[in-house]
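Enquirer: Take a look at the following structure, please.
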């Protein structure tokens, strides 16, 4: 990060400047990933700030952890785009930027001269990424909330118990997936710009990202008209694959091929199962899952989940307990993955979940805690003045 209040970046995107006009989750998640990789991200917020600052509980020092989760390594400046002077400052930020990211409603930026056509004309070398909920055509009027997309994409229809209602996921899954797609798209556009010397407009929407993220489920419909249903914790194409009861609690067991099934049935004391024509292939085990379930449940009921996990893991059969969020973080720590990092410096630090990417030569950094609203306004303006004096 190259602003005066920060040390020079060393990550793979060091020197890249991102004008971040996004808010809530998909855009900020994308720009946090870019910031982690060394980009200088200037987070432009309206006078009331990003809505997620107020999404609580839980909170730390009055700030919602929702906001904290996606805004580290950024510099916050408050601008009211309806104010001519602030709008000019916004233009100056974009003047310095390599990437401009926004998730305004389609058409919402035209009044400020920041629609795609105006941006392409004024900043032809800029990578402009727009994130919407449902695209810019027939769905342009629809608000882009993740839960709406979970509903209309079909995700909720395949989530939950077969005899229960459709269920939402436990996290804003498609906001995150869209943010990941946006980061990949920006990197691709920056690479192409290095070749052509020209920027381009990159468009993403939550519904398209959701349909892509539903992978085998949506492809099953597109390719052969399959209409998947809710299966609870069952897999539509694999068995055994899910939680199974033991003598004390459930244990997740995932058997995805014949080799694993042979090892699994051997540990259970039933090595001849693979020779049973009902269970001798992935497809046959799937089609005869109820008969197989009775046999497996009977064997697993003789020992505790911990004992079975030890035996199965020793035999190379994938299995895992069902943990809570705190237990999951602690489990990652026990494996040496160091999931929690202290972000910031001195007294201004906050523990956050680390970026999952590790570079061997240009590591991600955690220099700056998620900023308070407008905390970097003067630093950004001073930096802009320096840029005017030294355009290089």
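Read-outs: derived from the displayed coordinates by stated rules, not from any lab. Just so you know, these numbers come straight off a predicted model, no measurement behind them. Neighbour counts are summed over all protein chains in view; Cβ atoms, including those assigned to glycine, are modelled from backbone coordinates with ideal geometry.
Enquirer: Within a 10 angstrom radius of the beta carbon, how do 224, 30, 319 rank from fewest other beta carbons to most?
Expert: Result, fewest neighbours first: 224, 319, 30.
Enquirer: Can you put 302, 377 in order, fewest other beta carbons within 10 Å first?
Expert: The fewest-first ordering by Cβ neighbours comes to 302, 377.
Enquirer: Just to be sure I understand: with springs between alpha-carbon atoms less than 10 Å apart, which residue in 341, 186, 215 has the highest mean-square fluctuation in the Gaussian network model of the chain?
Expert: Highest fluctuation of the listed residues: 215.
Enquirer: Shifting gears a bit: Taking the 0 to 90 degree range and rounding to the nearest ten, how far is the long axis of helix 258-267 tilted relative to the main principal axis of the chain, both from C-alpha atoms?
Expert: In the chain, helix 258-267 runs at an angle near 60 degrees to the longest axis.
Enquirer: Also: Under 13 Å from a label point 7 Å along Cα→Cβ of residue 293: give me every residue in segment 152-181 with its amide N that close.
Expert: Counting backbone N atoms under 13 Å from the label point, the list is 161-163.
Enquirer: Take the alpha carbon gyration tensor of segment 241-329, find the square roots of its eigenvalues, order them as a ≥ b ≥ c, and report rounded if a/c is under 1.5; if not, report prolate when a/b exceeds b/c, else oblate.
Expert: Since a/c reaches 1.5 and a/b is larger than b/c, the shape of segment 241-329 is classed as prolate.
Enquirer: Label residue 192 and residue 315 with points 7 Å out from Cα along Cα→Cβ: what is the distance between them in nm?
Expert: Placing both labels 7 Å along Cα→Cβ, they lie 5.1 nm apart.
Enquirer: Can you say what percent of the DSSP beta bridges in the chain, counting only those with both residues inside, are antiparallel? Round to 5.
Expert: Of those bridges, close to 40 percent are antiparallel.
Enquirer: Another question, if that's okay. Where does helix 26-36 land angle-wise versus the long Cα axis of the chain, in degrees 0 to 90, nearest 10?
Expert: So the inclination is approximately 80 degrees.
Enquirer: With the contact rule set at Cα under 8 Å and sequence spacing of 6 or more, what percent relative contact order holds for the chain?
Expert: 18 percent
Enquirer: To the nearest 0.05, what FRET efficiency results for residue 258 and residue 171 with a Förster distance of 45 Å applied to their C-beta separation?
Expert: 0.85
Enquirer: Additional query: How far apart, in nm, are two points set 7 Å out from the Cα along the Cα-to-Cβ line at residue 250 and at residue 280?
Expert: Here the answer is 3.3 nm between the modelled labels.
Enquirer: Quick one: if you stick a label point 7 Å off each Cα along the C-beta vector at residue 184 and residue 381, how many nm between them?
Expert: The two pseudo-label positions are separated by 4.1 nm.
Enquirer: Starting from the Cα-Cα distance between residue 95 and residue 110, subtract it from 0.36 nm times their residue separation and give me the gain in nm to one decimal.
Expert: The residue 95-residue 110 span can extend by a further 3.6 nm.
Enquirer: Take the Cβ-Cβ distance between residue 88 and residue 121 as r, set R0 to 22 Å, and report the resulting FRET efficiency rounded to the nearest 0.05.
Expert: Efficiency for this residue pair is about 0.80.
Enquirer: Find how much the distance from residue 304 to residue 266 grows on full extension, using 0.36 nm per residue of separation minus their present alpha carbon separation; answer in nm with one decimal.
Expert: So the chain would gain 11.9 nm between residue 304 and residue 266.
Enquirer: At 222 nm, what helix-only mean residue ellipticity would the chain give, in deg cm²/dmol to the nearest 500, using -39500 (n - 2.57) for each DSSP H run of four or more?
Expert: My calculation for the chain gives -11000 deg cm²/dmol from helical runs alone.
Enquirer: Calculate how steeply helix 289-300 sits against the longest principal axis of the alpha-carbon atoms of the chain, using the helix alpha-carbon long axis, and give the answer as 0 to 90 degrees to the nearest 10.
Expert: 80 degrees
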